[in-house]
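Right, one structure below, let's go through it.
The values are calculated or read from the model by the stated rules, or taken from the named source; none is laboratory data. The structure presented is a predicted model; accordingly, all values stated were derived computationally and were not measured. With ideal geometry, Cβ positions are generated from the backbone for all residues, glycine too; neighbour counts draw on all protein chains shown.
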């Protein structure tokens, strides 16, 4: 086990995002406590900085009563959802038992150091003010899903099997392009070995497997039920052990068939493994759709990664991404991360309470049925985001969509490749390291992996999740909200850029004026360039018989360079 010897409260306030600070510079203090309407320039900053009460009144909560005194194991605790799950459990139930988290060595870093850094994460800062001794509840267990037996020592395994009541299994490799061998090792074998551990737990109340709503994305209608796997999980595990990596790489496309990536593929097969091996255990499966920044807890719009739509939004915001293959009218089934966590905890409570050992309920945590969001609605984030600015902006921020791959490649070449070549050429001549061509290589890979989900749409049945919500008492609905019907998307996106600026770009609002000045300068440069380009195109249109060339530039300029 790993000991904790630190406190989040000791952090230097100068390295904290402004939203977490007890005192602010005078300008931000005035904005925080001012009075603004949504049309005011400082409104998104005010909304982001204003007090956000996340204290929990435990009286009357059936779920908190269930959690009281329970020992919990969280796998994947260092991931995006894992951090939120740990934070919410510690904050909502001060009398919860020990929470064990599996920490692995990463890049030669000692697990004790990783645990310290992990619990120093900003997401726990508000928790540290509510429950000052929260760290005493967390115990690190050294382990690794890349290793047999989860890399657990005999002593660690004994501690877990003798004490754990609740298991939340969220550990997974979420990389879409993960080699099949490693994806199987972590997402399937890891799941199998954790089920075996759960069977050995003497006091187990519930085992929760966190999957994805797109685990069966070969189907366009996805119900809360199991689907036949593409391959027998035991055959797949044997195959990936026996075949060399180069052979596996060659046959992977044929193995995936209609599933777009190894992540969804292995998550689907892991579900079948849960169906086979978790029978007789109080178990359930949670399937969230596209997980995006939190709605409220513990920090409004908090996110710590650039996966999925967040990558598109932040890329467009800083002026790096201007075109993406997206069906603007297609459904973007997104769910705030804190809603996912609340559903997960509620599902564990219901499964433990009912203890139907011959059934494994599935909960699709989705939004398209009750509160549909379309890809074009991501522009809601720009309404207030355009007022935020940042000192890290590269050009004017905007994003255009297209469903035509040919046109995407043409515009991508004009708006991404050509500027990248020019900028890198200048950097090389100045003796500096070129940056943009490599960056756009990664962006192209990211966009291509996301395109299957932005160009298609699915219908999800979420009757179990809706039934779960309706069964909660009013107190639990207040503490663990996950009803998508009450979420107002426009209000949700009001603080999106503000949080992204602080938590992703690490550009705190101490530089608010600097960021806004740069944004204004880039706007002037952008529209000056557009005016010159249109003017030159019209001039050459009148001078040459090859009019299709200037017409192309005029069309691209008008449509893609004018937000």
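Exactly one residue among 115, 119, 73 is within 30 Å of residue 149 (Cα to Cα), at pLDDT 95 or above and assigned by TED's automatic domain parsing to the domain that holds residue 163, and that residue is 73. Just to be sure before I move on: is residue 84 touching a strand residue (DSSP E or B) at 6+ places or on another chain (Cβ under 8 Å), within 30 Å of residue 201 (Cα to Cα) and either assigned to a helix (DSSP H, G or I) or outside the structural domain of residue 131 (by TED's automatic domain parsing) (or both) in the structure I sent? No, not satisfied.
Mind listing whichever residues of the range 296-317 are at pLDDT 95 or above and surrounded by fewer than 21 Cβ atoms within 10 Å (Cβ to Cβ)? Passing the criteria: only 296.
Among the conditions (1) part of a helix (DSSP H, G or I); (2) without any contact (Cβ under 8 Å) to a residue 40 or more places away in the chain; (3) closer than 18 Å to residue 399 by Cβ, residue 562 misses just one, which is (1). As for the range 14-21, it holds at least one residue that is at pLDDT below 90 and within 28 Å of the chain's Cα centre (by Cα). Would you check if residue 80 is closer than 23 Å to residue 479 by Cα, modelled with pLDDT of 90 or more and buried (at least 18 other Cβ atoms within 10 Å of the Cβ)? Yes, satisfied. Looking at the range 411-433, can you tell me whether even one residue there is assigned to a loop (DSSP other than H, G, I, E, B), over 24 Å from residue 507 (Cα atoms), without any contact (Cβ under 8 Å) to a residue 60 or more places away in the chain and not assigned by TED's automatic domain parsing to the domain that holds residue 524? Yes, the range 411-433 has at least one match.
Of all residue pairs spaced 6 or more apart or on separate chains, those with beta-carbon atoms under 7 Å, a first member in the range 530-543 that is surrounded by 14 or more Cβ atoms within 10 Å (Cβ to Cβ) and a second member that is outside any helix (DSSP H, G or I) and at pLDDT below 80 are 530/561; 530/562; 541/547.
Please determine whether any residue of the range 22-31 is in contact with a strand residue (DSSP E or B) (Cβ under 7 Å, 6 or more places away or on another chain) and either surrounded by fewer than 16 Cβ atoms within 10 Å (Cβ to Cβ) or at pLDDT 95 or above (or both).
No, because not a single residue in the range 22-31 is in contact with a strand residue (DSSP E or B) (Cβ under 7 Å, 6 or more places away or on another chain) and either surrounded by fewer than 16 Cβ atoms within 10 Å (Cβ to Cβ) or at pLDDT 95 or above (or both).
May I ask you to say which residue of 393, 436, 399, 450 is under 26 Å from residue 524 (Cβ atoms) and either surrounded by fewer than 19 Cβ atoms within 10 Å (Cβ to Cβ) or under 22 Å from the mean Cα position of the chain (by Cα) (or both)? Criteria check complete, one pass: 399. From the list 64, 45, 74, which residue is surrounded by 23 or more Cβ atoms within 10 Å (Cβ to Cβ) and in contact with a strand residue (DSSP E or B) (Cβ under 6 Å, 6 or more places away or on another chain)? After applying the criteria, what remains is 74.
Kindly check whether there is at least one residue in the range 254-265 that is closer than 26 Å to residue 345 by Cβ and modelled with pLDDT of 95 or more. Scanning the range 254-265, I find at least one residue that is closer than 26 Å to residue 345 by Cβ and modelled with pLDDT of 95 or more, so the answer is yes. Of all residues in the range 143-173, exactly one satisfies the criterion of being farther than 27 Å from residue 67 by Cβ and touching a residue at least 60 places away in the same chain (Cβ under 8 Å), namely 173.
Scoring residue 198 on the criteria (1) touching a helix residue (DSSP H, G or I) at 6+ places or on another chain (Cβ under 7 Å); (2) closer than 28 Å to residue 65 by Cα; (3) surrounded by 19 or more Cβ atoms within 10 Å (Cβ to Cβ) leaves a single failure, condition (1). Here residue 322 clears all of (1) within 30 Å of residue 356 (Cβ to Cβ); (2) touching a strand residue (DSSP E or B) at 6+ places or on another chain (Cβ under 8 Å) except the condition numbered (1).
Check 184, 139, 208, 164 and return the single one that is at pLDDT below 95, in contact with a helix residue (DSSP H, G or I) (Cβ under 9 Å, 6 or more places away or on another chain) and at negative phi.
After applying the criteria, what remains is 139.
Out of 517, 524, 504, 443, one residue alone is loosely packed, with under 15 Cβ neighbours inside 10 Å, touching a residue at least 40 places away in the same chain (Cβ under 8 Å) and closer than 26 Å to residue 390 by Cβ. It is 517. Considering each residue of the range 486-500 in turn, none proves to be assigned by TED's automatic domain parsing to the domain that holds residue 340, in contact with a strand residue (DSSP E or B) (Cβ under 8 Å, 6 or more places away or on another chain) and not in a helix (DSSP H, G or I).
Just one residue in the set 159, 167, 141 is more than 27 Å from residue 296 (Cβ to Cβ) and outside any helix (DSSP H, G or I); that residue is 141.
The numbered conditions (1) under 30 Å from residue 523 (Cα atoms); (2) assigned to a helix (DSSP H, G or I); (3) out of contact with any strand residue (DSSP E or B) (no Cβ under 7 Å at 6 or more places or on another chain) are all true for residue 353 except (1).
Annotation: of all residues in the range 251-263 being surrounded by 11 or more Cβ atoms within 10 Å (Cβ to Cβ) and in a helix (DSSP H, G or I), the one that is nearest to the chain's Cα centre (by Cα) is 263.
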